[in-house]
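Worksheet: one structure, shown below.
A short reminder: the numbers here are calculations on the coordinates, not readings from a lab. Computed from a prediction, not measured in an experiment: that's the story for all the values here. Neighbour counts run over all protein chains shown; Cβ positions are idealised from the backbone, glycine included.
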Amino acid sequence: MPSATIKLFLTQGDSKRLCTAEMSNWSGKALGAPRTEFDEFLSRDELTQSGVYILTGFNPTSGAPLAYIGEAEVLKERLKAHKNKEFWVQAIVFTSKDENLTKSHIRYLEGRLIAEAKSIARFELDNGQASGSRLPESDREDMEIFLSKIKQLLPVLGSELLTPIVTRDSDFTVKADKLVCLIKGLEAFGEQTATGFVIFKGSRAILEERPSAATQHPFVVTLRQKLIADGNLIHDTGSYLFTKDTEFTSPSSAAAVVHGGGANGLTAWRDSQGKTLKSLES
């Protein structure tokens, strides 16, 4: 992703409250606000224009991150209709300062945002299938640039909706900078990220937890059960198989899932030369 200059305006001096974001050499503008400032958010002049919006929160049943993505020719009016959606805690909108986003443009952006969010799969979506919109080649290129700016600004506004769990080639092969965790002939591969640690799809975890796990490390049992329920781990030929790239808060929690019990991630994860993560960090 290219470098960027971002102008962030905190209307109340607090990044968790209503704020606006702009980028150099871009006609778009982003605004974000918590649900507690929804009325003030709706009073902004920018929300009388067309654009796309994202509502984020949590599934009240599972607690998993949940999002709704939409478009509107008058953002203010459409957003008012979402007051009855209880799950969301933050609203983010993207519009244009020169007011030249047409209905076709915002429908295209909505479709692309939904497709990207589904592909990345950090959030459950409260959307159906968006058809998007067909655009002339030049307009499509403009909207792809607009989409790239949305991707850059979302984390700045506090949302990881379109942040890939890990950036790598689809045909992954183990390289020197990837880490491996071994147990009883099983291998799990992963890497550290800015937000924790990721175990890659295709990795293996031991099938049975250690006898001490339930009493000494109950979080491991709970975490493995959740990963199984979510489909991240499946029973496959005597072990668990990771079906997708899976993010953890730390190397130790990742290693604990692989080992089926407490583990020190700084020593459990090693590079291709056998060096521990601890030695690599020192």
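Past 24 Å, Cα to Cα: identify those pairs from 118/226; 16/83; 7/118, in the order given.
Pairs exceeding the cut-off: 7/118.
Using the Cα gyration tensor of segment 28-144, with a ≥ b ≥ c the square roots of its eigenvalues, what is the shape: rounded (a/c below 1.5), prolate (a/b larger than b/c) or oblate (neither)?
Judged from the Cα gyration tensor, segment 28-144 comes out oblate (a/c at least 1.5, b/c at or above a/b).
Using only helices, what value at 222 nm comes out for the chain when you add -39,500 (n - 2.57) per DSSP H run of length 4 or more and divide by the total residues, to the nearest 500 deg cm²/dmol?
Theoretical 222 nm ellipticity from helices: -8500 deg cm²/dmol.
What does the net charge come to around residue 235 if you take all other residues with beta carbon closer than 12 Å to its beta carbon, with K and R at +1 and D and E at -1?
Here the charged neighbours net out to 0.
Relative contact order for the chain: what is it in percent, counting Cα pairs under 8 Å that are at least 6 residues apart?
Computed over the chain, the figure is 12 percent.
According to a simple spin-label model (label point 7 Å from Cα along Cα-to-Cβ), what is the distance in nm between residue 1 and residue 48?
3.3
Local charge sum around residue 1 (other residues, Cβ-Cβ under 11 Å, Lys/Arg +1, Asp/Glu -1)?
Surrounding charge for residue 1 is +2.
Please give the length that would be gained between residue 80 and residue 64 if that part of the chain were fully extended, namely 0.36 nm times their separation in residues minus their C-alpha to C-alpha distance (nm, one decimal).
3.3 nm
Sticking with the crude label model, points 7 Å out along Cα→Cβ, report the distance from residue 207 to residue 193 in nm, one decimal please.
Distance between the two pseudo-spin positions: 2.9 nm.
State the extension gain, in nm to one decimal, for the chain segment bounded by residue 119 and residue 278, taking 0.36 nm per residue of separation less the distance between their alpha-carbons.
Here the answer is 54.0 nm.
If R₀ is 51 angstrom, what is the calculated FRET efficiency for the pair residue 9 and residue 225, using the beta carbon separation as r and rounding to 0.05?
0.70
If each of residue 73 and residue 215 carries a label point 7 Å out from its Cα toward its Cβ, how far apart are those two points in nm?
6.8
Viscosity 0.692 mPa s, temperature 37 °C: give me the Stokes-Einstein translational D for the chain in µm²/s, with Rh taken as the Kirkwood radius over C-alpha pairs.
157
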